[in-house]
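Every number in this text was worked out from the coordinates using simple rules, so none of it is lab data. These numbers come from a predicted model, not from an experiment. All Cβ positions, glycine included, derive from the backbone under ideal geometry; neighbour counts span all protein chains shown.
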Amino acid sequence: MTLPVRPLTEESPLPFDSRLDAPTRLYALIPCAGTGSRAGAGGPKQYQSLAGRRVIDHTVRAFLEVPALAGIGVVVAPEDVVYRSPHDRVRVWHVGGATRAHSVFHGLRALEGAGAREQDWVLVHDAARCLIRSIDIERLIAACMADAVGGLLALPLPDTLKQAARGEVPARVEGTVERHDKWLAQTPQMFRWGALYRALERHEADGFRGITDEASALEACGARPLLIPGPARNFKVTYPEDFAMAEALLSADARRERTS
């Protein structure tokens with residue numbers, strides 16, 4: 001049975017199934033409160049249509065295909081009246097903040113109210129990375145479950161990296177940066193609820209300045225997250241040309257599903 005959908009606060013979230021009494025549980029947390037200003041689509045990019053579904057629906061679908069997850073929390077803006085829970089494993093929390101870090105921090109509070117514990121794992125994933133596949137999520141889980149810190153999907157930098165001269169317009173090259181140890185961070189990023197909450201809490205007072213993802217918050221505490229090679233297709237849909245690429249890949253996926 002699908003649970004009733006209602007606006008939720010971080011103080012009173014609808015709980016996940018309390019019968020799941022495993023020593024450690026896994027949850028997904030999907031910040032979905034962005035305005036999509038760079039997408040040029042006239043609205044939040046997470047609600048734009050791609051291959052017959054909205055961006056957020058593709059994203060949530062991949063996580064619903066991972067049976068190990070005890071629940072999925074989607075964090076939307078307080079005024080959001082668009083997104084509704086598609087499944088009884090999904091909760092919608094209207095606690096999104098001004099930045100992604102605010103949304104994740106508020107989402108962690110809601111997740112605790114819904115049953116997450118200190119030792120449970122949380123996989124934070126960008127709503128706009130709608131090309132993620134369940135096989136990639138499961139590979140991250142397998143790599144991190146026995147690790148003391150956790151980690152993230154990331155892509156080893158494939159191209160030559162240039163450093164631009166500061167303040168020059170048009171931009172000019174100042175130098176070439178060694179790339180052999182450089183990675184492009186992706187999501188999901190998987191950390192213990194307690195460790196991630198405390199790491200973000202340290203930066204709440206300054207508006208999470210300098211915290212660009214969950215791994216950076218853990219790094220600021222001295223932790224060294226695992227880097228798990230992720231697929232090139234797991235890019236964040238941001239600019240108009242990204243939508244065209246994502247449409248082509250998702251349409252190809254749908255054709256393979258129909259013929260398999």
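Values as computed for the structure displayed
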item	result
Simple Cβ-charge dipole of the range 143-260, Lys/Arg +1 and Asp/Glu -1, about Cα centre, in debye nearest 20	180 debye
Gaussian network model of the chain, Cα within-10 Å springs - most flexible of I141, I30, I211	I211
Computed [θ] at 222 nm, helices only, for the chain once each DSSP H run of length n ≥ 4 contributes -39500 (n - 2.57)	-8500 deg cm²/dmol
Rounded, prolate or oblate (a/c below 1.5 giving rounded, otherwise prolate when a/b exceeds b/c) for the range 36-124 by Cα gyration tensor	oblate
Signed unit charges on C-beta, dipole axis of the range 26-141, positive-most listed residue A68, A127, Q48	Q48
Dipole magnitude (debye, nearest 20) for the chain, charges at Cβ of Lys, Arg, Asp, Glu	460 debye
Gain in span if fully extended, C221 to K236, counting 0.36 nm per residue against the direct Cα distance	2.7 nm
Cα gyration tensor shape for the range 107-260, rounded if a/c is under 1.5, else prolate or oblate	oblate
The chain: proportion of alpha-carbon pairs further apart than 27 angstrom, %	38 percent
Nitroxide proxy distance, nm - points 7 Å out along Cα→Cβ at D147 and A164	3.1 nm
Protection-proxy order for peptides 178-190, 198-210, each taking the mean of Cβ atoms within 10 Å per residue, highest first	178-190, 198-210
